[in-house]
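Structure first, commentary second.
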Amino acid sequence: MASLTHPFHTSTTFNLPLRTKTRTHSRFLIAIKASKSTNPPLPGRKLRAAVIGGGPAGSSAAEALAAGGVETFLFERSPPSTAKPCGGAIPLCMLSEFDIPSPLIDRHVTRMRIFSPSNLCVDFGKTLRPDEFIAMLRREVLDSFLRSRAESRGANLVSALVTDLEVPTTPAAPYVVHYTANNSRRSLAVDVVIGADGANSRVAKSIHAGSYSCAIAFQERIKLPDEKMEYYENLAEMYVGSDVSPDFYAWVFPKCDHVAVGTGTVCAKQDIKLFQRAIRERVKPKINGGKVIKVEAHPIPEHPRPIRVRGRVALVGDAAGYVTKCAGEGIYFAAKSGRMCGEAIVNASEGGERMINEGDLKREYLRVWDAKYISTFRFMDLLQRVFYGSNASREALVELCGDEYVQRMTFESYLYKRLADGDRWQDAKMVWNTVGSLMRCNIIGR
Amino acid sequence: MSISMALFSPPTHPPSLSPSISPKTHLTVKPHLSLRPPKTPFFLLSTTRSSADNGAGTSASAATALEPEAGQKVAEPPQPVVEKDASSAGANGSAGAAEAVEVKVVSKFEDPRWVEGTWDLKQFEKDGKPDWDAVIDAEAKRRKWLEGKPESSSNDDPIVFDTSIIPWWAWTKRFHLPEAELLNGRAAMIGFFMAYLVDSLTGVGLVDQMGNFFCKTLLFVAVVGVLVIRKNEDIENLKKLLEETTFYDKQWQATWQDETPGGSKNQ
């Protein structure tokens, strides 16, 4: 029987002694795969997998693994790591793909404003349909929901701090996860490890995955008086300018009952406080009288690690570096990569019955992931290079954002993670306007 | 940690930056803007923070390290930004008072022709028609001003100026034409000289050169070269641009570079 290798199809395993090579033609381009797996079947037990890190990536991976029949151990610090100071915005497709219940959503953002260095303001969101919005959640709420869902699907949640991952010296030996739980050092032997432990990934260090450059995101949570909070009821703001960030943007995002005002940078990390003060200045009239209730910072990876799969260890989410440039979006890609990696392992091991190897991980997870998303990431990188370089190009960006076609395309690709159906003529006009805006703003900026 | 606290306190003593640890509950109004307080306090703060980060890779410690510092941060008002006072309740009362007294120290961009967030074109008229050159100049000056002194965005006072109201021929006349003249001149000189050289070397006249494929290619290369390489730095810039364009892609493909299968597991 053919075992379909497309990640969207759950694998069907039939324990027939004869396995024939079949070719499947379907709407999706499925690679011709010899379904005769060369991996040895596991003697009387299921494949054991350890997922290190219980954020969106880890929880999704653990859920996919456990649902597929693999014995899964999900490691998360206890108490769970402090909520990551991120924007907390997730696209619509994540709500549907990951069945996020609506009570979890704090706010429905339907308007966005972008401010250029000269405070030219553009209202984004004129093209949103009534049922479209950007969901804002608190990370701690989302993360614990995903974790408990993974647990209910069969993953074993281990509240422990992972201290080390021992890489085996022989191909058949297991990976040993050393962890500290309840003040005692323990260890667990597993066959496969998924590293979902974020930007400072210990798993990545253990497999010598190489390092990557990180941006630092710095944020202050500010509680505003009620009448000022009303302004941010369903509005998020973005500020660009070299005063608030030399290579990124600053933001004001509404959360459950306060706003998060923050900024980020890659190249000028030591000046982050200056940038933070600058964004406070830029927003001053709107946040006057607010109280800072929390200050937080976190690294955001800028590009994928040099090695994302090595041996039977795969990295997902922030640990792998799946954060888009320009927007810095990472939650959806973390959850999606976790799920894809989990499904890849389930497929390759045929429901946890067989051992897997590095080739399986690369073929079923990495290749599929790269094929699906590399153009998205490349495009965001292009946008960042073109528009975040100087104040002049930032002005051009904001000018361009006033165009309705641009807004519609942007939201389509953000909310549904698919290349929107564009009108060729409008595309050409957009490119022409881009060039024109860039030229004009560069001339004025000289 | 305490040393960084001490150094982190604000330089509100105008004459000297003597460190003082007393939390300031009311803010002194500073008549002049200091946009660049000394960098060392921030540097120290960031090193203490980064050393906390390098501990067992926990952001928890980083966040908690920041919390006590946030409390100390209250004491630092390099500019009278009032809403910073968080932890001390008493500060809120006096902060409110300070805000009322606060002098507008951020000098806004002012120009008689800049009215309600846009340029008043009627004031730019010359011979009954708007003088677009002056509009471009004015906007350039405004943006340059804002670069040095960024302003707060405000809902009551939005900026609505759109550069696309300036007609295309104004841009062309001012910026494109002089450079076009320069480039055309270069192309003409190169063209004449190369045509003469080829003629003297091969005896092929100008008209016959145009019929030859190789000569046409040379002509194309010369035109593109003149367009693309305008200054000495352009050669370096182009090389860097090419490298940059492919760099991100290389980072993505790095994981696919072949490693020796035996060595990879044993690292």
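Computed from the coordinates by the stated procedures, all read-outs in this text should not be read as laboratory data. These figures come from a predicted structure and were not determined experimentally. Virtual Cβ from ideal backbone geometry, glycine too; neighbours counted across all protein chains shown.
In this structure the amide hydrogen of A:K255, modeled in the peptide plane, comes within under 5 Å of the amide hydrogens of A:A260, none closer than 5 places in sequence on its chain. Each residue of the range A:89-103 was assigned a 3J(HN,Hα) from its phi angle through the Karplus expression (A = 6.51, B = -1.76, C = 1.60, θ = phi - 60°), giving 9, 10, x, 4, 4, 5, 4, 7, 5, 10, 6, 7, x, 5, x Hz with x at Gly and Pro. Note: relative contact order over chain A, using C-alpha pairs below 8 Å and six or more positions apart, is 20 percent.
The label point for B:T118 and the one for B:S164, both projected 7 Å from the Cα toward the Cβ, are 1.3 nm apart. Relative to the current alpha-carbon distance between A:D226 and A:S211, full extension at 0.36 nm per residue lengthens the span by 1.0 nm. Short-range pairs are left out: with C-alpha atoms under 8 Å and at least six residues apart, the relative contact order of the range A:288-383 is 26 percent.
The C-alpha atoms of chain A define a longest principal axis, and helix A:139-152 lies at about 20 degrees to it.
Counting only alpha carbon atoms, the long axis of helix A:424-445 and the longest principal axis of chain A meet at about 60°.
Highest average first, the peptides A:100-113, A:189-202, A:396-409, B:183-196 ordered by how many other beta carbon atoms sit within 10 Å of their residues are A:189-202, A:396-409, A:100-113, B:183-196. Close amide-amide hydrogen proximity is noted between A:D164 and A:H178, each under 5 Å apart and 5 or more residues distant or on a separate chain (H modeled in the peptide plane; Pro and chain starts excluded). Model label sites at A:D99 and B:A140, defined 7 Å from Cα along the beta-carbon direction, differ in position by 6.2 nm. Based on C-alpha pairs under 8 angstrom that are at least 6 apart in sequence, the range A:177-271 has a relative contact order of 25 percent. A straight chain from A:K46 to A:R367 at 0.36 nm per residue would run longer than the Cα-Cα distance by 113.0 nm.
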